[in-house]
Amino acid sequence: MLEAAWLIAGIGLVAGLVVGSFLNVVIHRLPLIMEREWRRECTELTGTEPPADEEPLTLSRPGSHCPHCKTPIRPWHNIPVVGYLWLRGRCAACGTRISIRYPLVELLTGLMTAAVAWQFGLTWEGLAAALFTWSLIALAGIDLDHQILPDRITLPLAWLGLLLSVWGFFATPTAAIIGAVAGYLSLWLVFQAFRLATGKEGMGFGDFKLLAVFGAWFGWQLLPQIVIVSSVVGAVTGILMITVGRHRRSQPIPFGPFLAVAGWIALMWGDEINQLYLGLTGLG
């Protein structure tokens with residue numbers, strides 16, 4: 001049985017490395033695609049001239065290429081992690097340094113997918129958990145770069161969580177519906193209270209939707225845990241970044257990545273953490 005578990009985890013690792021390469025594309029291109037669509041919509045509303053013809057941009061076109069010299073990346077140079085090491089982190093054509101984030105996203109996706117495969121096995125629940133994990137990685141990367149959590153990812157993810165509850169995946173339908181509503185409204189109320197008290201917006205609507213996603217997937221019972229974990233991780237990270245001089249106090253820090261971390265922890269060990277807390281407090 002242990003050998004089978006390791007084999008399943010290995011399959012998850014390889015699949016995650018491949019998906020991680022695609023997630024790098026999503027993180028980089030999806031905000032650009034959305035920006036182009038916003039610009040086109042603005043020109044239609046204002047009646048101004050549309051932007052000059054641009055090269056078509058989708059998640060699949062154009063093919064992978066160096067952003068500096070535009071040289072297409074050869075397939076064997078595009079092997080997750082291995083290609084980066086082979087090229088020593090530089091473009092094969094022009095020698096421009098390639099961001100270390102690309103192999104890190106691939107490696108992170110591989111390791112997290114392996115953990116999901118170990119935990120859930122080769123099951124429908126495991127496939128759903130892998131899709132959830134990949135979505136969180138993409139959302140966290142986009143939020144770090146652009147401070148947005150695209151509806152194109154959060155809304156389908158919320159609907160998928162509600163649909164999975166019909167078959168009893170992760171939560172019952174009642175808990176999932178209440179969780180989705182409670183997840184959205186809880187942060188929305190905090191947002192409104194903060195705005196009334198300070199006149200500033202403390203977070204974006206994408207954060208509300210992401211917490212609604214967690215409520216839809218795991219039910220309302222795990223929402224307090226997710227809020228607490230994300231707040232603690234965010235506070236500690238923010239203090240460390242300010243202390244080492246990597247961040248100014250007035251500069252906003254996206255909350256989405258911390259929610260994503262807490263949501264993934266809830267996916268993997270949420271029930272156990274809740275049971276441990278209830279046991280320690282004598283409420284279980």
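The values are calculated or read from the model by the stated rules, or taken from the named source; none is laboratory data. What you see is a predicted model, and the numbers here were worked out from it, not measured in a lab. Using ideal geometry, Cβ is built from the backbone for each residue, glycine included, and neighbour counts are taken over all protein chains shown. When the accessible area is computed, the model is the full protein with side chains, heavy atoms only, and any ligands, DNA or RNA have been set aside. Shrake-Rupley method; radii C 1.70, N 1.55, O 1.52, S 1.80 Å.
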Search result, residues across the stretch 95-116 that are buried (at least 17 other Cβ atoms within 10 Å of the Cβ) and either more than 21 Å from A5 (Cβ to Cβ) or hydrophobic (A, V, I, L, M, F, W, C) (or both): I98, Y102, P103, V105, E106, L107, L108, M112, A114, A115, V116
Top-ranked residue of the stretch 232-271 - restricted to ones that are at pLDDT 90 or above and open to solvent by 60 Å² or more (accessible area, probe 1.4 Å), ranked as farthest from A115 (Cα to Cα): V232
Any hit, the stretch 129-138, residues being open to solvent by 50 Å² or more (accessible area, probe 1.4 Å), without any contact (Cβ under 8 Å) to a residue 24 or more places away in the chain and assigned to a helix (DSSP H, G or I): no
Cβ pairs under 6 Å, 6+ apart, first in the stretch 79-101 and of a type in the set (A, V, I, L, M, F, W, C), second part of a loop (DSSP other than H, G, I, E, B): C91/C66; A93/C69; A93/T71; C94/H68; C94/C69; I98/G89
Of the criteria (1) open to solvent by less than 70 Å² (accessible area, probe 1.4 Å); (2) in contact (Cβ under 8 Å) with a residue 60 or more places away in the chain, which one Q119 fails: (1)
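Conditions tested, residue by residue: (1) assigned to a helix (DSSP H, G or I); (2) touching a residue at least 24 places away in the same chain (Cβ under 8 Å); (3) out of contact with any Pro (no Cβ under 9 Å at 6 or more places or on another chain); (4) β-branched (V, I, T).
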residue: I178; (1), (2), (3), (4): yes, yes, yes, yes
residue: L187; (1), (2), (3), (4): yes, yes, yes, no
residue: L196; (1), (2), (3), (4): yes, no, yes, no
residue: L211; (1), (2), (3), (4): yes, yes, yes, no
residue: L223; (1), (2), (3), (4): yes, yes, yes, no
